[in-house]
Amino acid sequence: VVLYKQAYERPPNFPPGPPRLPVWGSYWLLLLQDACWLYRSAWAMADRYASKVIGFYLGAFPTVVVHGPELTREMFNRAEFAGRPDTVLTRVRAFGKRRGLFFTDGAFWVEQRRFALRHLRDFGFGRRMACAEDTLRDEVEELLALVRGECDDQEVASRGCVLLPHALHVPFVSLLWSMFAGRRFTRAEHAQVRAVSKAAATFVRNVDPMGGAVSQTPWLRHLAPKATGFHGVKTAGAVLTGLVKAALDEHVKDFNMDEAPRDFIDHYLAQITRDKADGVDCASTFCEEQLQVMGADMLLAAATTTTGTVTFALNWLSRRPALQRRCQAQLDAVVGRARLPSLDDRASLPFVEAVLRETLRRNTMLPLAMPHLTVEDTKLDGYDIPKNTLIFANVNSAHMDKDYWGDPEEFRPDRFLDEKGELLRRDVTMPFGAGKRLCPGETFSRQSMFVVLAALLQNFWFELASDKVTPDCCLPGLTLTPKDTWMRATPRA
Ligand code: HEM
C-alpha cells in the first residue's frame with residue numbers, strides 16, 4: 001500500500017507523467033523506454049500522456065520536462081526557471097564546491113557570468129574584433145595545411161583523409177585560449193590540445209543530461225564509480241582544470257597590477273587583488289578555484305560542441321553532394337580562391353550560414369539543454385510547479401516538431417532561406433537556449449564555425465571514407481558527440 005501510494009503521489013496540480021518506483025523513481029521507466037537518449041524517452045512519454053509538459057520523480061526530485069517550440073521558449077525565458085541543481089556530479093568537477101558557470105546560480109552566478117562576459121569581450125569573445133579575427137585566420141591556415149597533409153600528423157590526417165572531430169579541436173580551443181590565457185597553442189602543443197579535448201569528450205559522455213543514477217543516489221559513487229560516470233567526470237574534469245591551473249601559475253609569476261591586462265586571466269587576477277585589498281571574502285566571490293572551473297567549463301564547451309557541429313555539417317554535405325556543390329558555387333562567386341573567407345563575407349554567403357543553422361537544428365547538440373531548477377513556486381501551461389523542481393527543455397522536440405517544420409527529419413538548409421536565397425530574419429531554433437541562461441558562447445561559436453566551415457569547403461571536396469558513420473551516429477551523453485569520422489578531403493581543382 002505504501003509503495004502504491006508513493007508511486008502515484010505527486011504535488012497538487014503537477015503535470016501528468018509516469019509513476020514513481022522505489023529508489024530511482026521514474027528514471028527506471030525512462031531508461032526502459034530508451035536507455036541512451038533520455039530526450040526520446042521524455043518525448044515518448046509526453047505523447048503517451050498527451051501533454052507537452054510532463055512531470056515525474058527522479059529519485060526524490062520532482063522533475064518536469066517541457067516539449068514543443070512555444071513552451072520550450074517560455075521556459076527558457078522565465079527567470080523562475082533559471083536555477084541549477086547541485087549534485088555530487090556537478091561538484092566533483094569543482095573541488096567539491098559550487099563553482100564555474102554551468103552549475104552555479106543566484107547572485108554568485110550573476111556576478112561571475114557578468115564579469116566573464118564583460119572582460120572576455122575585450123579580447124573579441126562575443127563580438128567582432130580585428131585581433132581575434134586575425135588569430136582565427138591563422139588557425140584556419142594551419143588547419144588547411146593539416147588537411148593538405150603538410151603537417152606530418154598521422155593521428156588525424158593521413159593519405160588524403162582527415163579524422164573528425166579530432167582535426168578540428170585545435171582551431172576552436174586555441175582561439176578561445178588566445179582570449180582566455182593570451183596565447184595560441186604552438187604546433188608542438190597540438191597533441192596536448194587533442195588530449196584535453198578527448199578529456200572534454202569523456203566528460204560529456206559520462207554525464208547523462210538528467211544527472212544519472214549517481215545524482216539521485218550519491219552512495220553509488222563508492223560502489224560503482226566507473227559505471228555511474230563519476231570516475232570519468234572526476235578525471236576528465238581534473239584534466240580541464242589542470243590546464244587552466246598551469247596557465248594561472250604562469251600568469252601569477254609575472255602579473256603586474258599596474259599594467260594593462262593581457263588576457264582574461266589577468267583581469268581575473270586583478271579582481272582578486274582588488275577584493276583582497278578591500279577585505280572582501282575571496283572564498284565566496286572571486287577566487288582561483290572559480291577561475292579554474294569557469295575556464296574548464298568554457299574549454300569543455302569549445303572542444304565538444306563547435307567541433308561536433310562542423311563534423312555533422314561535413315557529414316551531411318558529403319551525403320548530399322548537390323548541397324556541397326551549392327556551398328562551393330556561392331563561395332567561388334563571393335570569395336573566389338585568392339583569399340580565405342572571413343566574417344566580412346558572412347552576409348554574402350547565406351547558403352553556408354543556412355547549412356550551419358540546419359545542422360544545429362537537425363543535430364541539436366544539447367537535446368535537453370542543461371538542467372534548470374525552479375527558484376520559486378510557479379505555474380507553467382496551467383500546472384503548478386513547486387520551488388526546487390528540476391526542469392528540462394526538450395529542445396530536440398522543438399527542432400523536430402512535425403507541425404512546425406513539416407519534414408523535420410530531412411536535412412534541408414533551404415528552410416532558412418527566402419525565395420531569393422536570402423537568410424530569413426526569423427530563426428525560431430534554440431540550439432543555444434534562450435533567456436538568462438542563454439549560452440554565452442553563441443556568437444563565438446557561430447562566427448568561428450562559419451569561418452572554419454567556409455574555408456574547408458572553399459579548399460576541399462569532402463566525401464566519407466566509410467559509409468557506416470551517418471550524421472545520426474552519435475554517442476550519448478550531456479551533448480551529442482559524433483563518432484570518429486574519417487573523411488576524404490580532395491583539394492579542389
Ligand atoms: C555549437 C556550439 C554550442 C552550442 C550548441 C551550445 C549550447 C548551449 C546550451 C544549449 C546551453 C544551456 C542553456 C541552458 O541551460 O538553458 C549552453 C550553456 C553554456 N555554454 Fe554553450 N554552446 C555552444 C558553444 C559554447 C562555447 C564555445 C562556449 C564557451 C566558450 C560555451 C559556454 C557555455 C556556458 C559557460 C554555458 C553555461 C551558461 C550558464 O549557465 O550561465 N558554449 N550552451
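The values are calculated or read from the model by the stated rules, or taken from the named source; none is laboratory data. What you are looking at is a predicted structure, and each value in this text was computed from that prediction instead of being measured. Note that each Cβ is placed from the backbone with ideal geometry, even for glycine, and that neighbours are counted across all protein chains shown.
What the table below lists for this structure:
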| item | result |
| --- | --- |
| Criterion (over 18 Å from T304 (Cα atoms) and at pLDDT below 95) met by exactly one of G182, G149, G124 | G149 |
| Candidate set from region 375-392 (those that are buried (at least 21 other Cβ atoms within 10 Å of the Cβ) and β-branched (V, I, T)); member that is nearest to N77 (Cα to Cα) | I391 |
| Filter result for R98 (touching a Ser or Thr at 6+ places or on another chain (Cβ under 8 Å) and either without any contact (Cβ under 8 Å) to a residue 24 or more places away in the chain or more than 15 Å from the ligand (Cβ to nearest atom) (or both)) | yes |
| Every pair of residues 6+ apart whose Cβ atoms lie under 7 Å, when the first sits in region 422-443 and is without any contact (Cβ under 8 Å) to a residue 12 or more places away in the chain while the second is more than 7 Å from the ligand (Cβ to nearest atom) and aromatic (F, W, Y) | L424/F416 |
| Tally of residues being over 14 Å from L144 (Cβ atoms) and out of contact with any Pro (no Cβ under 9 Å at 6 or more places or on another chain) across region 446-461 | 3 |
| Selection within region 78-95 - under 19 Å from the mean Cα position of the chain (by Cα) and either within 10 Å of the ligand (Cβ to nearest atom) or of a type in the set (G, A, S) (or both) | A82, G83, R84, A94 |
| Yes/no for F14 being part of a loop (DSSP other than H, G, I, E, B), touching a residue at least 24 places away in the same chain (Cβ under 8 Å) and either in contact with a Gly (Cβ under 6 Å, 6 or more places away or on another chain) or closer than 21 Å to T228 by Cα (or both) | yes |
| All positions within region 101-138 that are free of Cβ contacts under 8 Å to residues at least 60 places away in the same chain and of a type in the set (D, E) | D134, D138 |
| Leading residue by the ranking (surrounded by the most Cβ atoms within 10 Å (Cβ to Cβ)) among those in region 275-321 that are aliphatic (A, V, I, L, M) and over 27 Å from P431 (Cβ atoms) | L291 |
| Matching residues, region 435-456, being among the basic types (K, R) and more than 7 Å from the ligand (Cβ to nearest atom) | K436, R446 |
| Segments classed as helices (runs of 4 or more DSSP H), wholly inside region 220-337, with at least 3 members that are of a type in the set (D, E, K, R) and under 25 Å from the mean Cα position of the chain (by Cα) | 288-301 |
| Single unsatisfied condition, Q33 versus (1) under 19 Å from M75 (Cβ atoms); (2) in contact with a helix residue (DSSP H, G or I) (Cβ under 7 Å, 6 or more places away or on another chain); (3) without any contact (Cβ under 8 Å) to a residue 40 or more places away in the chain | (1) |
| Positions within region 457-474 being in contact with a strand residue (DSSP E or B) (Cβ under 9 Å, 6 or more places away or on another chain), more than 16 Å from the ligand (Cβ to nearest atom) and not in a loop (DSSP other than H, G, I, E, B), in sequence order | N459, F460, W461, F462, E463, L464 |
| Residue within region 419-436 that is in a loop (DSSP other than H, G, I, E, B) and among the β-branched types (V, I, T) present | yes |
| Which numbered condition N363 fails, given (1) in contact with a Cys (Cβ under 9 Å, 6 or more places away or on another chain); (2) away from the ligand (no atom under 16 Å from the Cβ) | (2) |
| All positions within region 436-493 that are closer than 30 Å to Q112 by Cα and among the charged types (D, E, K, R) | K436, R437, E442, R446 |
| Residue that is under 18 Å from the mean Cα position of the chain (by Cα) and free of Cβ contacts under 8 Å to residues at least 60 places away in the same chain, where the choices are K402, K468, K483 | K483 |
| Test for A329: is it of a type outside the set (S, T, Y) and either within 11 Å of the ligand (Cβ to nearest atom) or out of contact with any helix residue (DSSP H, G or I) (no Cβ under 6 Å at 6 or more places or on another chain) (or both) | yes |
